[in-house]
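Read-outs throughout are calculated quantities, based only on the coordinates presented, and are distinct from any laboratory measurement. The structure presented is a predicted model; accordingly, all values stated were derived computationally and were not measured. We place every Cβ from the backbone using ideal geometry, glycine too, and count neighbours over all the protein chains shown.
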Amino acid sequence: MTTVADICRFLESLAPTGLAEDWDNVGLLVGDREEPVEKVMTCLTVTAGVVDEAIVDEVDLVVTHHPLPFKGVKQITTDSPAGSLLWKLASNRISLYSPHTAFDSARRGINQQLAEGLELQNIAPLMPLADTDDELLHGLGTGRQGDCHLMTLGALAALVAEFLQVEGLHVVGDAATEVTRVAVGCGSAGEFIHSASRAGCQVLLTGEARFHTCLEAEALGMAMILPGHFASERFALETLATQLSNEFSDTTIWASRRETDPLHWISV
């Protein structure tokens, strides 16, 4: 019988916790490592709908990209939204694991998948890790950068939309700008623009960015492609569900069926 510990070990080998940012909260956040696991559900974020789905479908372990709790908490009560979700999970003996920024930067993590999905060449970390004795971390780092065939920013944006299956996205820069090198940072990685510029990239692909970050990118002569935080990461949680299913054949595993992007494109 597969246990929580078995799946934790696999996830930690896939996305070593040493890759996580110092401010992050990764690993097993709720649960008992010795508990047996028959059903696992992946999701981008723990929401009320995700928790209800896990309870109804008798899930034993939820693997969420965004951690809950994200920061330290002094109480776990139903007086707060986060406390209520954690209480529901614990009351129903549902464990919770989050790989978050470790998965962003992993060898087969989200940024690598984004770079490969755009068929970039010579893919490498945008910000390599400093020297480390941990063999699992050799050659890794934050974000990704890679080369592409000469194309316009508009053409690259169309490729991003097709790969992520989104109806629309935001672009900073002239659609006719020529692009040969691309930086990638899933989620909200607007702070990567300086590293991307120094690496010779003409464009940064990230999920979302603050208005003033977009202005800063313009001032640097950097273009940006912004398909949305959800779209830039959720696809990889579906891939992760498949990877887990292949590894643990005695366990039923799926990506949350209720989870949706809270932001929608509408025609007006």
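For MET151, what residues show an amide H to amide H distance below 5 Å, using hydrogens built from the backbone and excluding near sequence neighbours?
For MET151, the qualifying residues are VAL179.
In deg cm²/dmol and to the nearest 500, what is the mean residue ellipticity at 222 nm of the chain if only DSSP H runs of at least 4 residues count, each as -39500 (n - 2.57), divided by the residue total?
Numbers: 9 runs with 92 residues, N = 268.
The per-residue figure over the chain is -10000 deg cm²/dmol.
Around LEU263, with a cut-off of 15 angstrom between Cβ atoms, what is the net charge of the other residues, counting Lys and Arg +1 and Asp and Glu -1? Mind dumping the intermediate values first?
On the way: positive: ARG234; negative: GLU167, GLU208, GLU233, GLU259, ASP261.
Around LEU263, the charge tally is -4.
Take every Cα pair under 8 Å in region 74-141 that's 6+ residues apart, average their separations, divide by the length, and report that relative contact order as a whole percent. Write down the numbers at each step before the final one.
Working: 41 pairs, mean separation 12.5, N = 68.
Worked out over region 74-141, it gives 18 percent.
What FRET efficiency do you get for ARG108 and ILE266 if R0 is 35 Å and r is their Cβ-Cβ distance, rounded to the nearest 0.05? Let's see the in-between values first.
Details: r = 35 Å, r/R0 = 1.01.
Approximately 0.50, to the nearest 0.05.
In the chain, how does Rg compare with the Kirkwood Rh, expressed as the Rg/Rh ratio over alpha carbon atoms? Before the final figure, lay out the partial values.
Numbers: Rg = 19.1 Å, Rh = 19.3 Å.
Ratio value, two decimals: 0.99.
What's the ranking of 113-121, 186-194 by average number of surrounding C-beta atoms within 10 Å, highest first?
Details: 113-121: 19.0, 186-194: 21.2.
So the peptides 113-121, 186-194, ranked by packing, come out 186-194, 113-121.
What list of ³J(HN,Hα) values in whole Hz, one per residue of region 167-180 in order, does the Karplus curve 6.51 cos²θ - 1.76 cosθ + 1.60 (θ = phi - 60°) give from phi, with Gly and Pro shown as x?
Computed from phi, the couplings for region 167-180 are 7, x, 7, 9, 10, 9, x, 7, 4, 8, 4, 7, 10, 10 Hz.
Return the percentage of antiparallel bridges among DSSP beta bridges fully within the chain, rounded to the nearest 5 %. Write out the running numbers ahead of the final one.
Values: 17 of 35 bridges.
Of those bridges, close to 50 percent are antiparallel.
Quote the charge dipole size of the chain about the Cα centre in Debye, to the nearest 20; the model charges only the Cβ of Lys and Arg (+1) and of Asp and Glu (-1).
On the way: 16 positive and 37 negative charges, 73 e Å.
Rounded to the nearest 20 debye, it is 340 debye.
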